[in-house]
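Let me begin by presenting the structure, written as structure tokens, before commenting on it.
The values are calculated or read from the model by the stated rules, or taken from the named source; none is laboratory data. On a predicted model such as this, the values are computed, not experimentally measured, just so you know. Neighbour counts run over all protein chains shown; Cβ positions are idealised from the backbone, glycine included. What goes into the accessible areas is simple: the full protein's heavy atoms, side chains included, and nothing from ligands, DNA or RNA. Shrake-Rupley method; radii C 1.70, N 1.55, O 1.52, S 1.80 Å.
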Amino acid sequence: MRVLVHINDANIWRTALTKRLPNAEIVTSEGDSDTPADYLAAWKPPSTLLEKQTQLKGIINLGAGVDALLSNPALPKNVPIVKLRDAGMGPLIADYVRFGVLYFQRDFDRYFAQQTNARWHEFPLIDKADWPVGVLGLGAIGAHVAQALAADGFPVHGWSRSPKSLEGVSCHHGDDGLSQLLGKVQTLVTLLPNTPSTRGIINAETLSQLPEGASLINPGRGALIDEQALLDALGQDRSSGRLRGALLDAFDEEPLPASNPLWSHPRVRITPHMAGPTPVRDAADQVAELIKAMENGDSLETVDPHAGY
Ligand code: GLV
């Protein structure tokens, strides 16, 4: 069996997978992307690579979001795709979101803004129990984040398209459920996949349903957010706008162009899509298990290209 790996630092993956699949030949796309492989384990493979790989029995997406892979015109039609589920990304993204929620709940944004004027002023503490957080998307990562925040003591509201139940989390679904959630939360976290039905879900209308002074954290996908509507909701300067601030990790265009006004908005914090890098050790365990299962013909939860996740 031959497994082709395509990702940055593919040699680390090659070593990790060789240990876990000792009978397989693991090659990287830098070494040889031409010889037909049985399985492709890849993050954002180029069309040229997919076009050459005509004998694949399965593709493993080396990340949580499959939007980039599904939009590749050279993606073969009848090859099953599986994706990583959490695989160590959940805890990393939960830490990122914790940082963001505390940044707003404990007024770090205001304290750092005061620092520019050497102003010493303490704001009254708002208890975690009075700081409801909304998590849009309750897939493996969204569910992990929602439950981590609930365990920290925040009231958490989760939202998914179809009904779900999660211990410790008030779950909402559908369009009405989204409006109910938006009206309640101080901080909104977006962890939905990028699909035709989620694109631009954070827009002028949904932003206007958030309470005055709410904040946004997006470690998910840039396409979920209508950037102009976000900028309008933030307002032009330090004090205006109904939205207090945003912590953003994912953007429609990455790297975020230097000319994008989000960079210089005083109440926007930007990170370069680092919230949930795929941890090789956890992920390699999952990739090896997925390949073994596909090889055995076990039934697996595969990606539905029409749903987009
Ligand atoms: C990263 O953005 C991922 O989808 O894993």
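Numbers for the structure displayed
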item	result
Rg(Cα) / (2.2 N^0.38 Å) computed for region 122-163, rounded to two decimals	1.32
Prolate/oblate/rounded label for region 89-129 (Cα gyration tensor, a/c 1.5)	oblate
Fluctuation leader among 186, 55, 209 - the chain, Gaussian network, Cα springs under 10 angstrom	55
Per principal axis, descending, Cα span of the chain in whole Å	63, 41, 32
Accessible area of the chain divided out per residue, in Å², using a probe of 1.4 angstrom	48
Taking the C-alpha atoms of region 240-288, convex hull volume expressed per residue in Å³	109
Restricting region 106-202 to trypsin sites (Lys or Arg not before Pro) in coil, as DSSP defines it, with at most 13 other Cβ within 10 Å	119
Accessible carbon and sulfur surface of the chain relative to its total accessible area, %, 1.4 Å	50
Cα-based Rg of region 127-214 normalised by 2.2 N^0.38 Å, two decimals	0.99
Kirkwood Rh and Cα Rg combined as Rg over Rh, evaluated for region 89-270	0.95
